[in-house]
Every structure is written in structure tokens, then in C-alpha cells.
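*Asks:* Once you've had a glance at the structure underneath, I'll fire off some questions.
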Amino acid sequence: MLSAAPDTRQVDVLVIGAGPAGMAAALSAHQAGLQVLVLDENARPGGQIYRDVAQSPLPAPALLGPDYLHGRTLVVQFQASGIACWDQTLVWQITPDRQVSFTRKGALAGSGQIQARRIIIANGAYERPFPVPGWQLPGVMGVGAAQILLKSAALLPREPVVLAGCGPLLYLFAWQLIQFGQPVKAILDTTPADGLRQALRYLPAALRSPSPLLKGLRLLWAIRRSGTRHIKGVTALELLGQQQLEAVRYQAVGRSATLATSLVLLHQGVVPNVQLTRSLGCEHVWSEAQLCWHPRLDGWGETSRPGIFVAGDGGGIAGALAAQAAGALTGWQVAQQLGVMDAPRRDALAAQAHKERKRQRAVRPFLDALYRPGDRFRRPPDHAMVCRCEEVSAGEVRQMAQLGCAGPNQTKTFSRCGMGPCQGRFCGLTVAELLAQQHQQPVADIGYYRIRAPIKPVTIGDLAVSYVPDPNLPPPQEY
Amino acid sequence: MPNDSLFKTVAGASPQHIKVWIDGQCCQVSEGISVAAALLQAGVRACRTTPVSAQPRAPFCMMGQCFDCLVEIDGQSNQQACMQRVREGMQIHAMDGARSLC
């Protein structure tokens, strides 16, 4: 129970996020006998991929495919385990000494702090920014967003919809729409022309665990059989409209055309959510393969901050099954570190999860190369809006680079780009790419925003209530 | 504000409906869905206009990362509509432009 007074609780393992990685990590740690608390911002466990899988509003959730339903077993197991899980709970700060500040909504609303002996961050990923001119218009959403509407609210696009971009999630959703009897108006496919050629060198490794590839081929084949218009080699996109989306203009090999539409769904992959790891000062490494930053992790998922781990896509994109395996082995490593399990036992338990994670990761280099977002879609034309919150254009960012801004923190200071409520989630990568382009440097050298807690806006009341004074400090001076 | 919705309910899904108020207008929306989903279901195209230039925005990511679905819920401003579920009688208001401080 939370009261209005400051309250510090202690817990062995605090898991942030109840998606596949978080649930698996919690189960491992709990089974080892540790006291575990899971905090999740949503009302039910499942993360993004398994949203509402245990309580689907759909008459036939099986139409979403077997990968979605797989999550049901895990969610049911998690909910039956007795592991403490606080829903509607935002973690807005973590300190290096593992003090966690949270705000909880709903019936048990309140704020507070928890001291954890170990923290497992399993906050997953979100859709890569796709800064196409006009992407801020009403009527433009992420493919993932439309999928959430389907999974959680049983809502489908009313009219045949245009999907634009590339990557496994885009094809999956196109397939799901077809399963639900909803025709797709067109797929505007931005897969780079040399994607397959670049990816071929990774095909042997991918073929060692062929199941993801076979799944993908089946999806693509079903899309082809449905007769869906699939326009490949799209090199430019523009979203047109005054107060809302009215049309999409595209350029593909040797032609350009305009499609009238009120709804376009964009997708060009997903990227790790690094707000918490950045705010903690964890080391991050640029992944040229995935074109994003990953927190630096050891084989068990431990970050550069001792006792703080990342499991799942928050550490690098590898998908839900890899996330589940990573969560499991991270949970066991934590158990070993906290002394409730010896190393040989940990290794015995983790062997299967290590194998599974390796299997799931095998396809990644191939997919990352095949669906590598094109330069123009990471480094957009001048009139594209880069920072949606503060409405800063790509042209303005390029201009600031010419004025001498070397990094995103300088462009932030000059223009407020990255200072809005999303805290750089949707502009950080784009700004880094644009600066890299202007300065002709690798993105890795450009760097990222300095991210500070709170990682989402909180009220002064939340801050005040969750503050726990240090009893060792001298009392405040009275004036 | 509600007009033609871009979305329709999946055939065969028969959610219970509850009443919420969107900019003073009573709307029937599915029980248990997010406020953002409810706005889209009710036909809202733009749920706010931006503080910087008063341009219209609508939910974009539906998972609490983009902050474009900010609305006023039961008197509390700047609530992420996609991160809360609808309740019977909920009062939802668009936020237009920048906040006035006086």
C-alpha cells in the first residue's frame, strides 16, 4: 500500500516491463527464490507484441498468427506465478545505486521509491522514426500503432489502407489485415534496391535456424497471392494534406505517382528504448548493422552499471523469442549474483536459453541488411519535420550543423530540437544521422542527447511525494 | 468534433459500450480500450493542436512514446490518451495550442 508519506521499499529484483523479456526474467528470479517486483506502464502484462493476448477483444485472435498466441502461455504462466506485478506504473528515474522512482496510476495511485538489489530493464523497443515530409499529419500512424488498435481495441482501418516502409512487422501486419478480410490498398515498399545483395553474405548464418526465414517467406507469399498491390523500390515518399492526410506521393524505380488516401501506416523497423539506460549513464555502443545505439551488455545482459541489466529488445533488436530467452538467463544470473544459486546450477538452467537466444539471433544480420532503412529515410529532405514536438525541420538541423553545431546537444540548445515531451525518442536518431551527414563523420562519433530523469513528465506532487530524505545528511538550515 | 471514423470494429467483436464525453459531446465507445483508441473509434481526426504552431495532431505510436495523443482527461491536462483506458462518464477535451498562463 502506498501512502502520502515518503516510503522506501526494498526488493531483491526489480523488473521494469512485463513483456516477454520482463516476464521471463521475473519467472527465473522468482523460481530461484528471490523476491521480485515487476513494474509495467500498461494495464496488463504482455508488452507490445503480446498486448491483450490473455484477454483479447477479438472473436478470433488466432487470425493474428501463431507468434502472437505463443505469448498467451507465457502471460498465463506469469499471472499464475504469484509474482508481484504493479500495472499502470511508470518508472521515471533509476539511480546508479539502484534506487527506483515510480508513479502508479489507477486504484492504487501514488508515487514512491524502491531500493532494489538488482534491476532488470525490459522496456523493449519502439518504431524507428520515419521522418517523411508530412508524417506529422493526422491520418498518419505507425504500423505498430494500427496493430495495437487491432489487438487491444478490435479496430481495423475502415478503408483499404496504404502501408509504407519495410521490415518484418510491415509484412506481418499486411498479412494480418488480409486474414481479417481487410484489403490493403497498396504496400509502398522502401526496401533498398541492393538490400538482398547486401544481405546474401549473412544468409548461410540465417539458414542455420531457418524458421524465421520460412515464416517470412510464407507471409510474403500470402501477400502476393492476395493480389495486394506491392510497389517495390520506393525511393521517396511525401505525405500530403492540409489539416489531415489526403494523399501520399511516392517515387519508385522510374516512376512517381500519387495515391489518394486518408490513412497511411509507416514502418521502417524498431529501435531499442534507451531512455532509462541513457539517463543512468550506461555506456552505449553504436550498431552499424541496426543503425541505432545499444547499451553495452555482457553475455548475461549486465550493463556498465553493476547490478543493472537489460533483457530483450531494449538491448538490441532480436525479437520476442530472443527476448524471452534473454530474460530467462538474466534472471538466473541475478540469482547467482545474489547468492541463491551457484554458478554450475545457473549454467545448467541457462544452457537452453543461451541456445535459443543464439538461434533467434541467427537471422538478424540477414534481416538487418535486407531491410536497412534507406539514406533518404534516415536523412530526410530539408522540408521534413525532424522534431515533431518542437517542430524543427531537417533543413534547420542542417543549417545548425553548418553554423558549427557538432552534436545533438548543441542543436538542442540552439533550436529546442529534442526538448519536447518525447525527450528525443522520435528525433534523436534522425538528428544524429543529419549531423553525421553534414560533418561527414560516422554517426557513432556524433553521439546522442544527454537524457535525464524523469524519463517521462511527472508532476511536482509526484516528485515531492517520492522524495526520501537521506537520514545521514544534516537537517536543512532554517532561515 | 467527431466525424467519419477512419476505423471500424472487427466483425464479430461485440464489445460493451460506455459513454464518454469528447469536447462536450456524448459518444459511445468500446469498454476497456485506451482513450486514444476511443477517440479514433468515435471519429476524432485530430485530438489536439500543437503549442508551437497550433497544427493538428493525432495519436501516432499508440504506445506512449510519441506524446502526440496528449489530451485533457477529467480536468488533468497533458495525459497520454494511449496510456489510459476509458471509464464511464470520462470527460475528454482537446488541448488547443499553447497553454495560457493567466
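The values are calculated or read from the model by the stated rules, or taken from the named source; none is laboratory data. None of the values given here were measured: they were computed from a predicted structure. Please note: Cβ atoms are built from the backbone with ideal geometry, for glycine as well, and neighbour counts cover all protein chains shown.
*Asks:* Would you please name the residue that is farthest from residue A:123 (Cα to Cα), looking only at residues in the range B:74-83 that are at the interface with chain A (Cβ under 10 Å from one of its Cβ atoms) and surrounded by fewer than 17 Cβ atoms within 10 Å (Cβ to Cβ)?
*Replies:* Among them, the one singled out is B:76.
*Asks:* I need a count of the residues in the range A:393-447 that are within 23 Å of residue B:64 (Cα to Cα), charged (D, E, K, R) and crowded, with 24+ Cβ neighbours inside 10 Å.
*Replies:* Adding up the residues that qualify gives 1.
*Asks:* Here is a check on your reading of the model: is residue A:91 within 14 Å of chain B (Cβ to nearest Cβ), assigned to a strand (DSSP E or B) and in contact with a Leu (Cβ under 8 Å, 6 or more places away or on another chain)?
*Replies:* Yes; evaluated as a whole, the condition is true for this residue.
*Asks:* Further, regarding this structure: Here are B:35, B:20, B:86, B:71: which of them is more than 9 Å from chain A (Cβ to nearest Cβ) and closer than 27 Å to residue A:415 by Cβ?
*Replies:* Only one candidate passes the filter, namely B:71.
*Asks:* Checking the structure you have, find out if any residue of the range A:220-229 is in contact with an Asp or Glu (Cβ under 8 Å, 6 or more places away or on another chain), surrounded by 16 or more Cβ atoms within 10 Å (Cβ to Cβ) and either assigned to a strand (DSSP E or B) or β-branched (Val, Ile, Thr) (or both).
*Replies:* No, the range A:220-229 contains no residue that is in contact with an Asp or Glu (Cβ under 8 Å, 6 or more places away or on another chain), surrounded by 16 or more Cβ atoms within 10 Å (Cβ to Cβ) and either assigned to a strand (DSSP E or B) or β-branched (Val, Ile, Thr) (or both).
*Asks:* Any residue at all in the range A:63-70 that is within 14 Å of chain B (Cβ to nearest Cβ) and under 21 Å from the mean Cα position of the chain (by Cα)?
*Replies:* Yes, the range A:63-70 contains at least one residue that is within 14 Å of chain B (Cβ to nearest Cβ) and under 21 Å from the mean Cα position of the chain (by Cα).
*Asks:* Of the residues that make up the range A:170-181, is at least one surrounded by 24 or more Cβ atoms within 10 Å (Cβ to Cβ), at pLDDT 95 or above, assigned to a loop (DSSP other than H, G, I, E, B) and within 10 Å of another protein chain (Cβ to nearest Cβ)?
*Replies:* Checking the range A:170-181: not a single residue is surrounded by 24 or more Cβ atoms within 10 Å (Cβ to Cβ), at pLDDT 95 or above, assigned to a loop (DSSP other than H, G, I, E, B) and within 10 Å of another protein chain (Cβ to nearest Cβ).
*Asks:* When you go through A:127, A:159 one by one, which is the residue that is buried (at least 24 other Cβ atoms within 10 Å of the Cβ), acidic (Asp, Glu) and modelled with pLDDT of 95 or more?
*Replies:* A:127
*Asks:* Of the residues that sit in the range B:44-68 and are on the phi > 0 side of the Ramachandran plot and within 10 Å of chain A (Cβ to nearest Cβ), which one is surrounded by the most Cβ atoms within 10 Å (Cβ to Cβ)?
*Replies:* That would be B:62.
*Asks:* OK, next. Of A:397, A:340, which residue is at pLDDT 95 or above, assigned to a loop (DSSP other than H, G, I, E, B) and away from every other protein chain (no Cβ under 14 Å)?
*Replies:* Exactly one residue qualifies, and that residue is A:340.
*Asks:* Right, another one. Residue under question is residue A:425, and the condition is that it be within 14 Å of chain B (Cβ to nearest Cβ) and either assigned to a helix (DSSP H, G or I) or at pLDDT 95 or above (or both); does it hold?
*Replies:* Answer is yes for this residue.
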